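The values are calculated or read from the model by the stated rules, or taken from the named source; none is laboratory data. Note that this is a predicted model, so its numbers are computed, not measured. Please note: Cβ atoms are built from the backbone with ideal geometry, for glycine as well, and neighbour counts cover all protein chains shown. Surface accessibility is based on the protein's heavy atoms, side chains included, excluding ligands, DNA and RNA. Shrake-Rupley method; radii C 1.70, N 1.55, O 1.52, S 1.80 Å.
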Amino acid sequence: MNISVIYGGTKKACTYNCVQLLLNSLKLTTPITVKEFFLEKEISNKSDRFYSCFINGYFIYLNSNSLDYLTNSLDNSDLIILASPVIQCDITAELNSLLNHLFYKSIQYNTKSFMNAKMGLVMSTTAGAGLPTTINNLKKNLFFLGIHNVFTFSKTIYEMNWEDVNLKTKLKINKTIFKLSNKILNKYANS
């Protein structure tokens, strides 16, 4: 199974750790290949529309080459994961900018597109409010790309850092993610 993960930032906090739990759960029964994309705001540029993409240890700026690399990864993936923490009751500005750049792909893909056969997963965690808005925004963006098989994971954790989350909550999250990974694997096996 080929998987592309796009994170809304570079901070490896609660949302990142939930994605890692899912990837580890999928690895137990199916060989997977994962490409992870971390988005970071370009510090040297004051414009909010330009972001760099951290791929395999290198910063790649969102130009035609890096967008082609990312879209080729999405095209070759069986599962596309959009993961964003809740920032100001919505997805991160970095992820929003990237999705705006990718919007042209939605014109390319239509209802009879090969993207319809792909699975999508949206994941988000928050310490407070804004989870439904964030999840709906992520799902809407996958739908625009032509992906209609979308799974969701969202959790209000009440903590900013993964290390501060208590063990009981982590066990509940792990159990939920394990069930989610089984649903994804069943859908993958039947497709």
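Taking the criterion of being part of a loop (DSSP other than H, G, I, E, B), over 30 Å from Asn76 (Cβ atoms) and more than 17 Å from the chain's Cα centre (by Cα), would at least one residue in the range 165-183 satisfy it?
So in the range 165-183, the residues part of a loop (DSSP other than H, G, I, E, B) come out as 165-166.
Still in the running and over 30 Å from Asn76 (Cβ atoms): 165-166.
Keeping just the survivors that are more than 17 Å from the chain's Cα centre (by Cα) gives 165-166.
Yes; the residues of the range 165-183 include at least one that is part of a loop (DSSP other than H, G, I, E, B), over 30 Å from Asn76 (Cβ atoms) and more than 17 Å from the chain's Cα centre (by Cα).
For the range 145-153, check the following and say yes or no: at least one residue is touching a Cys at 6+ places or on another chain (Cβ under 7 Å) and closer than 26 Å to Met1 by Cα.
As a first pass, look at the range 145-153 and keep what is touching a Cys at 6+ places or on another chain (Cβ under 7 Å): 153.
Applying the additional criterion that residues be closer than 26 Å to Met1 by Cα yields 153.
Yes, some residue in the range 145-153 is touching a Cys at 6+ places or on another chain (Cβ under 7 Å) and closer than 26 Å to Met1 by Cα.
Name, by its number, the condition in (1) modelled with pLDDT of 55 or more; (2) aliphatic (A, V, I, L, M); (3) open to solvent by less than 80 Å² (accessible area, probe 1.4 Å) that does not hold for Leu62.
Evaluating Leu62 over (1) modelled with pLDDT of 55 or more; (2) aliphatic (A, V, I, L, M); (3) open to solvent by less than 80 Å² (accessible area, probe 1.4 Å) leaves (1) as the failure.
Among the residues of the range 1-44, write down those that are open to solvent by 30 Å² or more (accessible area, probe 1.4 Å) and among the aromatic types (Phe, Trp, Tyr).
If the condition is that a residue be open to solvent by 30 Å² or more (accessible area, probe 1.4 Å) and among the aromatic types (Phe, Trp, Tyr), then Tyr16 is the only one that fits.
Quick check on my filter: what residues within the range 17-46 are modelled with pLDDT of 95 or more and within 10 Å of the chain's Cα centre (by Cα)?
The answer is Val19, and nothing else.
Just checking, does the range 157-164 include any residue being more than 30 Å from Leu28 (Cβ to Cβ), open to solvent by 20 Å² or more (accessible area, probe 1.4 Å) and not in a loop (DSSP other than H, G, I, E, B)?
There is no residue in the range 157-164 that is more than 30 Å from Leu28 (Cβ to Cβ), open to solvent by 20 Å² or more (accessible area, probe 1.4 Å) and not in a loop (DSSP other than H, G, I, E, B).
Residue by residue through the range 165-191, note down the ones that are free of Cβ contacts under 8 Å to residues at least 24 places away in the same chain and open to solvent by less than 40 Å² (accessible area, probe 1.4 Å).
Thr169
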